[in-house]
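Student: One structure is given below, represented as structure tokens, and several questions about it will come after.
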Amino acid sequence: MKHPKTVMIGLGYIGLPTAAVMANNGINVIGVDVSEKVVKTINQGKIHIVEPSLDKLVNKVVQDGYLQATTKPVVADVYLIAVPTPFKGEYIPDLSYVESAIMSLTPFLAKGNLVIIESTSPVGTTKKMQQIINDNRPDLEGDFFMAYCPERVLPGNVIYELEHNDRAIGGVNEASTKKAQAFYGLFVKGELHATNAQTAEMTKLVENASRDVQIAFANELSMIADKADINVWELITLANKHPRVNILQPGTGVGGHCIAVDPWFIVNSFPEEARIIRSAREINNYKTEWVIEKIKNTAIKFEIESKKKPKIACMGLAFKPNIDDLRESPALYVTQSLILQGFDVFPVEPNIKEHEHIKIYTIDDAIEKADIIVYLVAHKEFINIEVNHKIVLAFIEKK
Ligand SMILES: NC(=O)c1ccc[n+]([C@@H]2O[C@H](COP(=O)([O-])OP(=O)(O)OC[C@H]3O[C@@H](n4cnc5c(N)ncnc54)[C@H](O)[C@@H]3O)[C@@H](O)[C@H]2O)c1
């Protein structure tokens, strides 16, 4: 395949690095985003998201003329879509962004073009979108290619993983799969695994549902162990001595924009069958409420015994250790709930300097002030903290 002119619709955490990597591999990329601010920033060779080395790469490809941004699609050979797929209502996938991206490119589509969806999507989305194009462009029916290819990059290492991770590529027919494989071959060094559209869609959802189920097992164990007066960390360490057992670590819950979200796409499509997947989501959400109850009960006991309101240090706000990402974070939720319920809270997050609504304290300051110290995230900065004569609640392993 010679380097095709490519439109990338949606220039966020996935779309922008992908556009930049494609452009750096000699593909002429037109990035499209509904946000004029995003378009303006990129055309200045700058970026609007946090991702190591992305600023330099975007600056280079914009300077070299391989990446330009605009608010509307243009005539091209390949169209990629990386727009958001959030929930609406009670965990129902909202496909309106993908639909609107499809509608925006449909007038420009020509015979032989390739359309690829990368947004995390419920099973059947690619075929549904193909139908929308067919309905609006009956002149093209059967004459364009369409595929789904999910993204599984790790924030913080996106540029490397975009080029080196394996990809699952599923077309609506074999010709589409082959065409999409050839396209990704222009900039991906990882293996390109051919499948059909529905399997590629489900692959992404299953990857995150699998993690969610495994974490739910650990979280459920932590609540059982607490009732049985068993140290859950010791329990898991001992059980993992079995050569074929590998239990994950429990925590405050599950956060982030993928594991806490994607399993619902399966539950919503397969409500009868997706029982363990639904339970896992419920258990992981419940674990966060359980943590709040534990802290509240400890605080009430302290107040009754010492006749003063306790000061509570909440150690960690991010959704996982050693990052600054607060999206869907259970630790942030716990901290905010305690604040809203009138507790005297001293939040600590070593990976961020300030927060719009929450005053952030240093580790030393919070520990010194607190009567109750609550470990919510296993940040490396917390490992060696030792305190005497204070109440400590650790919902992560405190080695
Ligand atoms: N962020 C990740 O780590 C990650 C990983 C794997 C998969 N995904 C999936 O990739 C998709 C995109 O996620 P993201 O994190 O990049 O989102 P994002 O919110 O960072 O970026 C999406 C961009 O799309 C733009 N947009 C929305 N509607 C548009 C439209 N109709 N036309 C043009 N632009 C439009 C928005 O302005 C925004 O800049 C989602 O489905 C997400 O679930 C994300």
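Student: Does I117 satisfy the condition of being under 20 Å from the mean Cα position of the chain (by Cα), assigned by TED's automatic domain parsing to the domain that holds M146, open to solvent by less than 10 Å² (accessible area, probe 1.4 Å) and within 15 Å of the ligand (Cβ to nearest atom)?
Tutor: Judged against the criteria, I117 is a match.
Student: Looking at (1) modelled with pLDDT of 95 or more; (2) surrounded by fewer than 16 Cβ atoms within 10 Å (Cβ to Cβ); (3) more than 11 Å from the ligand (Cβ to nearest atom), which one does N28 not meet, given that it meets all the others?
Tutor: (2)
Student: Hey, another quick one. Quick check: anything in segment 31-54 more than 14 Å from the ligand (Cβ to nearest atom), at pLDDT 95 or above and assigned to a strand (DSSP E or B)?
Tutor: No, segment 31-54 contains no residue that is more than 14 Å from the ligand (Cβ to nearest atom), at pLDDT 95 or above and assigned to a strand (DSSP E or B).
Student: Can you list residue pairs whose Cβ atoms sit under 9 Å apart, with the first residue in segment 55-69 being under 17 Å from G12 (Cβ atoms) and modelled with pLDDT of 95 or more and the second being among the acidic types (D, E) and outside any helix (DSSP H, G or I)? Count only pairs 6 or more apart in sequence or on different chains.
Tutor: Here the result reads A69/D33, each pair linking segment 55-69 to a residue that is among the acidic types (D, E) and outside any helix (DSSP H, G or I).
Student: Separate question: Name the pairs whose Cβ atoms lie under 6 Å apart, with the first residue in segment 317-336 and outside the structural domain of I373 (by TED's automatic domain parsing), the second open to solvent by 30 Å² or more (accessible area, probe 1.4 Å), and 6 or more positions between them or separate chains?
Tutor: Taking only residues 6 or more apart or on different chains, not a single pair turns up.
Student: Now, a different point. Which of the numbered conditions does A228 fail, given that it passes all the others? Conditions: (1) at pLDDT below 95; (2) more than 16 Å from the ligand (Cβ to nearest atom).
Tutor: So the condition that A228 fails would be (1).
Student: Conditions first: (1) open to solvent by less than 70 Å² (accessible area, probe 1.4 Å); (2) of a type in the set (A, V, I, L, M); (3) under 30 Å from A366 (Cα atoms); (4) at pLDDT 95 or above. A260 passes all but one, so which condition is the exception?
Tutor: Just one mismatch for A260, condition (4).
Student: Separate question: Collect the residues in segment 141-156 that are within 15 Å of the ligand (Cβ to nearest atom) and either outside any loop (DSSP other than H, G, I, E, B) or free of Cβ contacts under 8 Å to residues at least 24 places away in the same chain (or both), keeping them in residue-number order.
Tutor: Y148, L154 - these are the residues of segment 141-156 that are within 15 Å of the ligand (Cβ to nearest atom) and either outside any loop (DSSP other than H, G, I, E, B) or free of Cβ contacts under 8 Å to residues at least 24 places away in the same chain (or both).
Student: I would also like to ask the following. Restricting to strands (runs of 3 or more DSSP E) lying wholly in segment 328-399: which have 1 or more residues that are out of contact with any Leu (no Cβ under 8 Å at 6 or more places or on another chain)?
Tutor: 344-348, 391-394
Student: Being near the ligand (Cβ under 9 Å from one of its atoms), touching a residue at least 40 places away in the same chain (Cβ under 8 Å) and more than 23 Å from V158 (Cα to Cα), is that true of even one residue in segment 73-83?
Tutor: Scanning segment 73-83 turns up at least one residue that is near the ligand (Cβ under 9 Å from one of its atoms), touching a residue at least 40 places away in the same chain (Cβ under 8 Å) and more than 23 Å from V158 (Cα to Cα).
Student: Please enumerate the residues belonging to segment 171-222 that are open to solvent by less than 40 Å² (accessible area, probe 1.4 Å), more than 18 Å from F270 (Cβ to Cβ) and within 16 Å of the ligand (Cβ to nearest atom).
Tutor: Y184, V188, G190
The values are calculated or read from the model by the stated rules, or taken from the named source; none is laboratory data. From a predicted model like this one, the values you see are computed outputs, not experimental measurements. All Cβ positions, glycine included, derive from the backbone under ideal geometry; neighbour counts span all protein chains shown. In case anyone asks, the SASA skips ligands and DNA or RNA and just uses the protein heavy atoms, side chains included. Shrake-Rupley method; radii C 1.70, N 1.55, O 1.52, S 1.80 Å.
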